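**Q** Just passing along the structure, written as structure tokens.
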Amino acid sequence: MATPTYVLTLPLKTELGQEHKLNKRLEIARGIYNACLGEALKRIRYMKRDPAYRKTVKMPKGIERNQGFRSLKKQYGVEKYALNGYVQEMGHLFKQNIGSQMAQNLAERAFAAAEKVLYGKSRQAHFVPSGHFFSVEEKTNQTGLRYFSDTRTVKWLGLVMPVKLKTTDEYAHTALLDRVKYCRLMKKQIRGKDRFFIQLVLEGIPPKKRTHNHSTDETARVGLDIGTATLAVVSDTKVQLVELAEGIEGEEKKKRRIQRRLDRQRRANNPNKFNEDGTIKKGNKDKWVISKNYQKTRRELTEIQRKIADKRKQSHNRLANAILSLGLDVRVEQMNWSGLQKRAKETTLNKKTGKFNCKKRFGKSLAARAPALFLKIVDRKLSYLDLSLKKIDTAKVKASQFEHINQTYTKKNLSQRWNSFEEGQIQRDLYSAFLVLNTTEDLKSIDMERVNQTWKNFHRLHDAEINRLKGLNKKQLSSIGL
């Protein structure tokens, strides 16, 4: 049975020679991963060419079909641990730098990537280019990459690296009292320099920080209506409408400028690789020219992407803690994020301009704001209390279409951001979060008795929140509707 697990990340104190050796080992790990990925994809191709596979695909879903797939997978070695034997055969080539358990872990990572292609969850599996493999991990803390608590050092096949640990870091000192399951080495490029970190995967529940004031009431409800860029939060004591990953707009603008500069440099260095209309020439196998200025710009892009990722994760964690301080019965609609990323199928005309509307949907916003990551963080924090995020049945509840006064469903356009009631206008996202808050225990319908009891309180808190948003001296997102 899996035990509760959390991660503690600590920086390593490394010397120049050690950094060279770590980079070398990461490159060896990249080679192993790519070799295993190629082998896994080859086995999948051979399996799909088998007439028995095509025959099995056409069979009706059921036990017989599943048994046929299992038999074919076993025959062609398309299984999670099947690549362990393959990687063991070339073990003598890297045994001084990569242990056998770490190599097996790399093989399993490669198979997981190939399996996504097999099941249609990914279009293709990507081989990792040179210098872009940033982490390796062991299966236990007994061999290879290990952490020693008595000396506070990490040892890995001849390398001994002290861990940087502040004496004032109460959280880290308390966390290190738990058992270390296994270690993960990570490399980050910070301000153009390589920095190495150790991630200790610890058994148990993470220590509670002083700044965290999570609720202890498992019956206190919180309703969430999450969008591509905003989050509506409604509880019995608070109503709030916030931006997801607030504060990254400036960094995103810098990132777009750097990407445009990178594209201009790429085109200036390689005019033979592009057609007159700007598209890339298909079939042109000339080597790409990479100038020093291009490399410098690429490092700038890497740095800005790291800053955005760190700010986004920090913002999500703060917001998740604020929500859990309101209650532990957290409810949200199920969302199909991959569906929102896809381009629109139908071609439509803009009524004002007469031009065709763009078919792009919410891919950029989802990538920048990462709403799915936010929900994952909330669910992880709840799991430490043996709870989970409650996902309501969107198709049955239809919170965005329901009106509790006349108990009818009305489909609304995305541009319609307000609902009209006798008491006044109610912001659409906040109203949806209010209805999510008041769903029944089976999460399949709206509890009308509870809605009527809490409506006046919600309306009062809603008006206070709208007045707060209007008083802010900043430009609001169009989806908020102010």
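The values are calculated or read from the model by the stated rules, or taken from the named source; none is laboratory data. Everything numeric in this text was worked out from a predicted model, so none of it was measured. Neighbour counts are summed over all protein chains in view; Cβ atoms, including those assigned to glycine, are modelled from backbone coordinates with ideal geometry. Accessible surface areas use protein heavy atoms only, side chains included; no ligands, DNA or RNA. Shrake-Rupley method; radii C 1.70, N 1.55, O 1.52, S 1.80 Å.
**Q** Would you please name the residue that is most open to solvent (accessible area, probe 1.4 Å), looking only at residues in region 243-275 that are part of a loop (DSSP other than H, G, I, E, B) and free of Cβ contacts under 8 Å to residues at least 60 places away in the same chain?
**A** In this case the residue turns out to be ASN275.
**Q** Can you confirm whether region 457-479 contains a residue that is open to solvent by less than 30 Å² (accessible area, probe 1.4 Å), of a type in the set (S, T, N, Q), under 24 Å from GLN334 (Cβ atoms) and outside any loop (DSSP other than H, G, I, E, B)?
**A** no
**Q** Do we have any residue at all in region 157-165 that's open to solvent by 20 Å² or more (accessible area, probe 1.4 Å), over 23 Å from PRO11 (Cβ atoms) and among the aliphatic types (A, V, I, L, M)?
**A** The answer is no, given that none of the residues of region 157-165 is open to solvent by 20 Å² or more (accessible area, probe 1.4 Å), over 23 Å from PRO11 (Cβ atoms) and among the aliphatic types (A, V, I, L, M).
**Q** Okay, next question. Search region 168-188 for residues being assigned to a strand (DSSP E or B) and not charged (D, E, K, R), and hand back the single one that is farthest from the chain's Cα centre (by Cα).
**A** In this case the residue turns out to be VAL180.
**Q** Is it true that some residue in region 396-413 is touching a residue at least 60 places away in the same chain (Cβ under 8 Å), open to solvent by 50 Å² or more (accessible area, probe 1.4 Å) and either within 28 Å of VAL451 (Cα to Cα) or not acidic (Asp, Glu) (or both)?
**A** No, that holds for no residue.
**Q** For TRP455, indicate whether it is at pLDDT 85 or above and on the phi < 0 side of the Ramachandran plot.
**A** Yes, satisfied.
**Q** Mind checking which pairs have a first residue in region 214-233 that is of a type in the set (A, V, I, L, M, F, W, C) and a second that is assigned to a strand (DSSP E or B) and open to solvent by 10 Å² or more (accessible area, probe 1.4 Å), Cβ under 6 Å, 6 or more apart or different chains?
**A** Pairs found: LEU231/VAL242; ALA232/ASP225; VAL233/GLN240.
**Q** A further question follows. Got a number for residues in region 93-141 being within 28 Å of MET47 (Cβ to Cβ) and either touching a strand residue (DSSP E or B) at 6+ places or on another chain (Cβ under 8 Å) or among the hydroxyl-bearing types (Ser, Thr, Tyr) (or both)?
**A** Number satisfying all stated conditions: 7.
**Q** Next up: Does LEU301 count as outside any helix (DSSP H, G or I), of a type outside the set (Val, Ile, Thr) and open to solvent by less than 80 Å² (accessible area, probe 1.4 Å)?
**A** In short, no.
This table checks each residue for (1) touching a helix residue (DSSP H, G or I) at 6+ places or on another chain (Cβ under 8 Å); (2) of a type in the set (Asp, Glu); (3) more than 19 Å from GLN314 (Cα to Cα); (4) modelled with pLDDT of 95 or more.
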{"site": "THR168", "(1), (2), (3), (4)": "no, no, yes, no"}
{"site": "ALA172", "(1), (2), (3), (4)": "no, no, no, no"}
{"site": "LEU177", "(1), (2), (3), (4)": "no, no, yes, no"}
{"site": "VAL180", "(1), (2), (3), (4)": "no, no, yes, no"}
{"site": "LYS188", "(1), (2), (3), (4)": "yes, no, no, no"}
{"site": "LEU202", "(1), (2), (3), (4)": "yes, no, yes, no"}
{"site": "PRO207", "(1), (2), (3), (4)": "yes, no, no, no"}
{"site": "HIS214", "(1), (2), (3), (4)": "yes, no, no, no"}
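**Q** Any residue at all in region 423-437 that's in contact with a strand residue (DSSP E or B) (Cβ under 9 Å, 6 or more places away or on another chain), open to solvent by 60 Å² or more (accessible area, probe 1.4 Å) and at negative phi?
**A** Yes, the conditions are met somewhere in region 423-437.
**Q** Cβ-Cβ below 6 Å, separation at least six or inter-chain, first residue in region 54-78 and in contact (Cβ under 8 Å) with a residue 24 or more places away in the chain, second among the acidic types (Asp, Glu): which pairs?
**A** LYS73/GLU79
**Q** I'd like to check something: does region 139-148 contain any residue that is under 28 Å from PRO207 (Cα atoms), in contact (Cβ under 8 Å) with a residue 12 or more places away in the chain and of a type in the set (A, V, I, L, M, F, W, C)?
**A** yes
**Q** Exactly one condition in (1) touching a helix residue (DSSP H, G or I) at 6+ places or on another chain (Cβ under 6 Å); (2) of a type in the set (A, V, I, L, M); (3) modelled with pLDDT of 90 or more is not met by ALA368; state its number.
**A** (3) is the only condition that ALA368 fails.
**Q** Residue under question is LEU176, and the condition is that it be surrounded by 15 or more Cβ atoms within 10 Å (Cβ to Cβ), in contact (Cβ under 8 Å) with a residue 60 or more places away in the chain and within 20 Å of GLU19 (Cβ to Cβ); does it hold?
**A** So LEU176 does not fit the description; no.
**Q** Turning to a different aspect of this structure: Which of the residues belonging to region 211-242 are of a type in the set (Val, Ile, Thr) and either in a loop (DSSP other than H, G, I, E, B) or open to solvent by 70 Å² or more (accessible area, probe 1.4 Å) (or both)?
**A** Once the filter is applied, which keeps residues that are of a type in the set (Val, Ile, Thr) and either in a loop (DSSP other than H, G, I, E, B) or open to solvent by 70 Å² or more (accessible area, probe 1.4 Å) (or both), region 211-242 yields THR211, THR216, THR219, THR228, THR237.
**Q** Return the residue satisfying two criteria in turn: it lies in region 320-350 and is of a type in the set (D, E, K, R) and free of Cβ contacts under 8 Å to residues at least 24 places away in the same chain, and of such residues it is surrounded by the most Cβ atoms within 10 Å (Cβ to Cβ).
**A** Among them, the one singled out is LYS342.
**Q** Quick one: what pairs do we get from region 365-391, first residue hydrophobic (A, V, I, L, M, F, W, C), second in a strand (DSSP E or B) and open to solvent by less than 60 Å² (accessible area, probe 1.4 Å), C-beta under 7 Å, 6+ apart or different chains?
**A** LEU375/ILE226; LEU375/VAL332; VAL378/VAL330; LEU382/VAL330; LEU389/VAL330; LEU389/VAL332
**Q** With respect to ALA110, is the statement that it is small (Gly, Ala, Ser), open to solvent by less than 70 Å² (accessible area, probe 1.4 Å) and outside any loop (DSSP other than H, G, I, E, B) true?
**A** When the stated conditions are applied, ALA110 passes them.
**Q** Still on this structure, please answer the following. Which fully enclosed strands (runs of 3 or more DSSP E) of region 122-167 have 1 or more residues being more than 28 Å from the chain's Cα centre (by Cα)?
**A** In region 122-167, the matching strands (runs of 3 or more DSSP E) lie at 146-148, 153-156, 159-162.
**Q** Restricting to region 351-371, name every residue that is open to solvent by less than 50 Å² (accessible area, probe 1.4 Å) and in a helix (DSSP H, G or I).
**A** Across region 351-371, the qualifying residues are GLY363, SER365, LEU366, ALA368, ARG369, PRO371.
**Q** Let me ask something additional. Mind counting the residues in region 442-454 that are of a type outside the set (D, E, K, R) and under 15 Å from ARG221 (Cα atoms)?
**A** 5
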